[in-house]
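Worksheet: the structure to be examined is printed underneath.
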Amino acid sequence: MDDGTRITWIFTVILLVGAAMFFAMAETAFSSVSRTRLKALAEKGRTDAEKALLVTDDFENAITTILICTNIVHIAAASVVTVNVTKYWGVSAVTVSTIITTLVVFFFGEMLPKSIARKYCERISLATAGLMRFLMILLKPAAAILTFIGNAVSSLTKGDSDVTVTEDELYDIIEDMTKEGTLDEEQGDLISSALQFQDVTVESILTSRVDLTAIDVKMPQEEILAVIKNCNHSRLPVYEGTIDHIIGVLQIRKYIRSYLKNGSIKDIKPLLYEPFFVHQSTKIDDLLTFMSRNKINLAVVTDNYGGTLGIVTDEDILEELVGEIWDEDDRAVRNVVPMTDGSYSVNPEEQVLDVLDELGV
């Protein structure tokens, strides 16, 4: 074998292995890249991102194109090596050359480029988008024929039922997108809250009876006004005898309007709205739907025996989804207050980790 011939076929094999690397990297890159990220780059005027989006939007055709090219390259590499080895070293060397070629193609044409592409999927998808689009257009007739044959054969089998994404998988996807920066932390929290929303029961978000501000129906006017003055609520439950016997809901605005008009209110029963009772096991998404449909703002939560566990408002339910809603009547509450003697006054309901965070420990 002369030097020129040896260099030519070695260069051809290297070129084919390089092509195999290209297609392996493109396959992994386009299957891993964030479409949202590509869209954001395209909106900034990046033409390579626009081409990459076209590839991801027609991903089935892209994969078929890659498979066609990969098989052509692998077959060509094996053929070139086999022909030249047989020609110059005889048939006995074919077995050894086949093993070496397989290892080289596997490592340099599959494993290594795919590992690199997973790490730099965005850069590689942008860099290869132009050539991939050209090859997809060039090989579209062949890809269409192969896709048709594949679909025809697969239609003869029943196949698995539709694959669904589990809730845990959705949480993992949201976490990954947040880490990648596709979603900011607030968006990730909101989506996670929305997923959890349907599983949350009224019992877990209610205002407990021990923390409940309520009015006895027989309470004197002066005491009712004092309660109203010291609370930040727009509605208060009204009970008769005990808190387990709630007979209505008093709207503060309605009470004040009547008081200013009449000067005094001897009986508050005519001012009460009918109470709405809900069992502690009710899901908050079902309750919110019902409350919105019937224009109910406050519900009394009961246990299995009809006793009052507490109340829940439409605001409580919405806060479970979107976080704390600040109302103009709300007062800022400091959970950790420094005292003059160097100690701290701590809200007993505050979580230990939150207290340590506020103290900077």
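From 61, 71, grab the single residue that is of a type outside the set (Gly, Ala, Ser), over 30 Å from residue 175 (Cβ atoms) and within 32 Å of the chain's Cα centre (by Cα). Among 61, 71, only 61 is of a type outside the set (Gly, Ala, Ser), over 30 Å from residue 175 (Cβ atoms) and within 32 Å of the chain's Cα centre (by Cα).
Suppose the filter is out of contact with any strand residue (DSSP E or B) (no Cβ under 8 Å at 6 or more places or on another chain), β-branched (Val, Ile, Thr), free of Cβ contacts under 8 Å to residues at least 60 places away in the same chain and assigned by TED's automatic domain parsing to the domain that holds residue 37; does residue 149 pass it?
Values: out of contact with any strand residue (DSSP E or B) (no Cβ under 8 Å at 6 or more places or on another chain): yes; β-branched (Val, Ile, Thr): yes; free of Cβ contacts under 8 Å to residues at least 60 places away in the same chain: yes; assigned by TED's automatic domain parsing to the domain that holds residue 37: yes.
Here the answer is yes, as residue 149 does meet what is asked.
Please verify whether region 15-30 includes one or more residues that are exposed (fewer than 12 other Cβ atoms within 10 Å of the Cβ) and of a type in the set (A, V, I, L, M, F, W, C).
So the first thing to find is which residues in region 15-30 are exposed (fewer than 12 other Cβ atoms within 10 Å of the Cβ), and the list is none.
Looking for residues that are exposed (fewer than 12 other Cβ atoms within 10 Å of the Cβ) and of a type in the set (A, V, I, L, M, F, W, C), one finds none in region 15-30, hence no.
For residue 228, the stated conditions hold: it is part of a helix (DSSP H, G or I), farther than 27 Å from residue 198 by Cβ, in contact with a strand residue (DSSP E or B) (Cβ under 9 Å, 6 or more places away or on another chain) and touching a residue at least 24 places away in the same chain (Cβ under 8 Å).
Counting only residues that are free of Cβ contacts under 8 Å to residues at least 24 places away in the same chain and either out of contact with any helix residue (DSSP H, G or I) (no Cβ under 8 Å at 6 or more places or on another chain) or not charged (D, E, K, R) (or both), how many does region 42-66 have? Walk me through how you get there before you give the answer.
Our first condition is that a residue be free of Cβ contacts under 8 Å to residues at least 24 places away in the same chain; within region 42-66, this holds for 42-45, 47, 50, 53, 57.
Subsequent filtering for residues that are either out of contact with any helix residue (DSSP H, G or I) (no Cβ under 8 Å at 6 or more places or on another chain) or not charged (D, E, K, R) (or both) retains 42-45, 47, 53, 57.
Of the residues in that region, 7 qualify.
Against the list (1) modelled with pLDDT of 80 or more; (2) surrounded by fewer than 16 Cβ atoms within 10 Å (Cβ to Cβ); (3) not charged (D, E, K, R), the condition residue 56 fails is (2). Which one is farthest from residue 313 (Cα to Cα) among residues in region 258-289 that are among the basic types (Lys, Arg) and touching a strand residue (DSSP E or B) at 6+ places or on another chain (Cβ under 9 Å)? Step by step, filter region 258-289, then rank; the result is 269.
Each residue in region 231-258 was checked for being of a type outside the set (D, E, K, R) and in a helix (DSSP H, G or I), and 4 of them qualify. Within region 128-141, the residues that satisfy the criterion of being under 15 Å from residue 22 (Cβ atoms) and either among the β-branched types (Val, Ile, Thr) or crowded, with 17+ Cβ neighbours inside 10 Å (or both) are 128, 129, 132, 133, 135, 136, 139. Evaluating residue 97 against the criteria (1) buried (at least 17 other Cβ atoms within 10 Å of the Cβ); (2) farther than 28 Å from residue 148 by Cβ leaves one unmet condition, (1). Those helices (runs of 4 or more DSSP H) of region 1-72 in which at least 2 residues are in the same structural domain as residue 105 (by TED's automatic domain parsing) and closer than 15 Å to residue 105 by Cα, considering only elements entirely within it, cover 3-32.
Considering only residues in region 185-222 that are more than 22 Å from residue 297 (Cα to Cα) and hydrophobic (A, V, I, L, M, F, W, C), the one that is modelled with the highest pLDDT turns out to be 219.
The values are calculated or read from the model by the stated rules, or taken from the named source; none is laboratory data. Source: prediction; values computed, not measured. FYI the Cβ positions are ideal-geometry reconstructions off the backbone, even for glycines, and counts take in every protein chain you see.
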